[in-house]
Protein chains: 2
Amino acid sequence: MPKDLKPWRVAASRDLLDASPFLKVRVESIELPDGRRIDDYYQIEMPSFACIFAETEDGRVITYRQYRHGPRRLSLVFPGGHLDAGEDPLAAAKRELLEETGYEGAAWQDLGAYMVNSNQGGPVSHMFRATGCRKVAEPHADDLEESEVLFLTRAELMAAAGRGEFALLTQIALFAMVTNADLARSFASGNAE
Amino acid sequence: MPKDLKPWRVAASRDLLDASPFLKVRVESIELPDGRRIDDYYQIEMPSFACIFAETEDGRVITYRQYRHGPRRLSLVFPGGHLDAGEDPLAAAKRELLEETGYEGAAWQDLGAYMVNSNQGGPVSHMFRATGCRKVAEPHADDLEESEVLFLTRAELMAAAGRGEFALLTQIALFAMVTNADLARSFASGNAE
């Protein structure tokens with residue numbers, strides 16, 4: 001018998017910082033289901049993004065090595081980017097893959113959408129796998145980051161993961177999900193229902 | 001030949017919001033390696049945490065179902081919590097598991113540390129697997145969230161993942177990593193080096 005778990009009620013909300021489109025911060029007064037009240041529950045807004053595990057026709061995975069300022073070190077990174085306002089996540093994933101790499105996927109699998117910060121909200125990470133990718137255009141990258149572009153095998157990525165070359169939660173999550181055969185199957189059946 | 005990827009230089013930093021210990025926000029002026037300058041690169045600070053995939057002696061995984069305010073819906077969640085100031089991540093993981101569940105692990109595997117927000121920083125998610133867990137005390141939970149405690153098999157968790165019952169990036173990442181046999185092996189050999 002599942003326990004009856006109720007959502008929290010937002011009794012009041014006050015904007016604290018507006019650095020749109022990058023970041024907004026507000027503080028909420030929360031009423032918990034048991035009657036307790038929390039008057040300083042901070043919430044952040046940041047743009048959601050799509051992240052793509054893109055496998056070429058010959059089984060290579062399009063990967064970058066980049067300096068990222070969050071962890072202040074190099075990380076392996078898969079293609080991806082922010083959703084435009086109101087944009088469908090799969091459409092954003094296809095657009096970002098094409099813009100960044102010039103590649104187009106033959107088949108796409110949706111691996112779900114996940115809130116990056118469990119309590120404070122912020123961006124949602126939309127995870128996709130694209131297979132049968134082939135080059136159809138020149139890339140138009142406008143990222144701030146310099147990139148080394150790599151076409152790695154899954155085995156090379158697996159070894160790099162064990163050496164700690166993934167510094168970013170979204171990237172290790174996507175890699176672990178796609179290369180987890182049971183999980184990929186579970187998502188495929190979930191999507192088909 | 002790897003490309004020479006340089007870190008960014010922080011030319012200036014200004015505090016914008018101090019809601020310690022929950023959240024701090026600052027804006028940095030950044031100098032990119034190619035000479036460009038970005039004067040509004042926002043950085044957040046939030047407490048880092050440990051997250052534990054804890055398997056009992058009979059192969060059940062200690063799991064909660066909770067309402068979480070980030071995604072504003074129910075999610076499956078594994079035990080975990082914030083690191084105290086200066087606390088070693090593994091020590092924090094053992095402490096949180098014991099406090100929250102009353103269980104102690106016989107063996108621990110470190111699955112790495114990952115920055116939650118790739119560009120803005122914030123918390124680091126420290127991932128662990130504990131096996132052979134057995135109950136040695138009563139739990140002392142002080143979470144705001146009401147929880148339904150579940151002892152699920154890996155197969156039950158796998159089916160739940162496919163149905164979208166994980167709403168949180170940290171949780172699906174940990175689950176995907178631990179149940180990915182190749183990845184677990186890669187980390188074991190990485191740790192042993």
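The values are calculated or read from the model by the stated rules, or taken from the named source; none is laboratory data. Here the structure is a predicted model, which means the values were calculated and not measured. Because the Cβ atoms are built from the backbone with ideal geometry, glycine has one as well, and the counts that use them run over all protein chains shown. Heavy atoms of the whole protein, side chains included, go into the accessibility calculation; ligands, DNA and RNA do not. Shrake-Rupley method; radii C 1.70, N 1.55, O 1.52, S 1.80 Å.
Only one of (1) acidic (D, E); (2) away from every other protein chain (no Cβ under 13 Å); (3) over 30 Å from B:Y41 (Cα atoms) is not met by B:D110, so which one is it?
(2)
What helices (runs of 4 or more DSSP H), lying completely within the range B:81-193, carry at least 3 residues that are closer than 27 Å to A:L74 by Cβ, at pLDDT 95 or above and aliphatic (A, V, I, L, M)?
Qualifying helices (runs of 4 or more DSSP H): B:89-101, B:169-178.
Considering only residues of the range A:66-90 that are among the charged types (D, E, K, R) and surrounded by fewer than 20 Cβ atoms within 10 Å (Cβ to Cβ), which is farthest from B:P33 (Cα to Cα)?
Looking at the filtered set, the residue picked out is A:D88.
Confirm whether A:V27 is of a type outside the set (S, T, Y) and open to solvent by less than 20 Å² (accessible area, probe 1.4 Å).
Yes, satisfied.
Considering each of A:A155, A:A160, A:A188 in turn, give the residue that is free of Cβ contacts under 8 Å to residues at least 60 places away in the same chain and either more than 17 Å from the chain's Cα centre (by Cα) or under 22 Å from A:L97 (Cβ atoms) (or both).
A:A155
Output yes when any residue across the range A:98-109 is under 15 Å from the mean Cα position of the chain (by Cα) and in contact (Cβ under 8 Å) with a residue 60 or more places away in the chain, and no when none is.
yes
Here is a yes/no grid of residues against (1) part of a strand (DSSP E or B); (2) at pLDDT 95 or above; (3) on the phi > 0 side of the Ramachandran plot; (4) more than 11 Å from every other protein chain (Cβ to nearest Cβ):
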| residue | (1), (2), (3), (4) |
| --- | --- |
| B:L17 | yes, yes, no, no |
| B:S29 | yes, yes, no, yes |
| B:G35 | no, no, yes, yes |
| B:Y42 | yes, yes, no, no |
| B:P47 | no, yes, no, no |
| B:A50 | yes, yes, no, yes |
| B:E55 | yes, yes, no, yes |
| B:T63 | yes, yes, no, yes |
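So which residues in the range A:165-182 are out of contact with any Leu (no Cβ under 8 Å at 6 or more places or on another chain) and over 13 Å from A:R65 (Cα atoms)?
Across the range A:165-182, the qualifying residues are A:I172, A:A181, A:D182.
For a quick check of your reading of the model, give me the residue pairs whose first member lies in the range B:1-28 and is among the aliphatic types (A, V, I, L, M), whose second is part of a loop (DSSP other than H, G, I, E, B) and open to solvent by 60 Å² or more (accessible area, probe 1.4 Å), with beta-carbon atoms closer than 7 Å and at least 6 apart or on different chains.
B:L5/A:E146
For the range A:139-155, does any single residue satisfy the condition of being more than 7 Å from chain B (Cβ to nearest Cβ) and open to solvent by less than 20 Å² (accessible area, probe 1.4 Å)?
Scanning the range A:139-155 turns up no residue that is more than 7 Å from chain B (Cβ to nearest Cβ) and open to solvent by less than 20 Å² (accessible area, probe 1.4 Å).
Given the conditions (1) open to solvent by less than 60 Å² (accessible area, probe 1.4 Å); (2) part of a strand (DSSP E or B), which single one is not true for A:G59?
That leaves (2) as the condition not met.
Could you check, for the range A:91-99, whether at least one of its residues is among the acidic types (D, E) and open to solvent by 60 Å² or more (accessible area, probe 1.4 Å)?
yes
Testing A:G121 on (1) open to solvent by less than 30 Å² (accessible area, probe 1.4 Å); (2) at the interface with chain B (Cβ under 9 Å from one of its Cβ atoms); (3) within 23 Å of B:M158 (Cα to Cα), one condition comes back false. Which one is that?
(3)
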